[in-house]
Amino acid sequence: MTARTESAVRLVILLAIGTMAGAAAFTHVHDLSVAHGQPHWIGWANAVAVELMAIYLGLELRARRRAGRPVGLVGSLLVAFALLSLAAQVAGAEPSVWGWIVAAVPSLAFLALVKVVLSNAPVTPPAVEPDQPTAHRTEEPDPATAVEPVRPAEPAAVIPATLPPRVVQPNRPHVVGIIR
């Protein structure tokens, strides 16, 4: 089997599982909402909010990790929405261990699929552009090639300007001459 054929088969399987598990998860959240007094359109809104929020949060978690940003809140929200989806699956099940396990399968399959797809793509740190300031770079500068910054020259000592000595000429008391 060639790599291209294998990729096509994987995509078909991914779409089939995603479609069926997503449909089951959406339906369970919708049905639970309607059974507890919500109109049908709000049931679908709840289903969209719960199921797509889990997918979005998975994407956001990956993007934050790639950018080196904190992931605590996003991770907590992802767990909360996944548990909410799982609870909707189990709430409509037959009250037995097997009933709960079987009801949880679509939600768990959907979440596992999202996790596998999101963890499959390579995570690389963002490249530092050459025109970016060095404050954004993570590596330490090499001391051998480091250039010391230019320091401003210290001001020279100010020497007061002096006039050449004046000489009073003896013959002319009112004329002052400058000796050169």
Ranking by accessible area, most exposed first, for Ser7, Ser107 with a 1.4 Å probe: Ser7, Ser107
Glu51 accessible area, 1.4 Å probe, all protein chains in place, Å² to nearest 10: 10 Å²
Solvent-accessible area per residue, Å², over segment 38-100 with all protein chains present [probe radius 1.4 Å]: 61 Å²
Ranked order, Leu84, Leu14 - accessible area, probe 1.4 Å, largest first: Leu84, Leu14
Estimated translational D of segment 8-100 in µm²/s (Stokes, Kirkwood radius over Cα pairs; 37 °C; 0.692 mPa s): 225 µm²/s
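The values are calculated or read from the model by the stated rules, or taken from the named source; none is laboratory data. The shown structure was predicted, so the numbers you read here are calculated from the model rather than taken from an experiment. Keep in mind that these areas ignore ligands, DNA and RNA; they rest on the heavy atoms of the full protein, side chains included. Shrake-Rupley method; radii C 1.70, N 1.55, O 1.52, S 1.80 Å.
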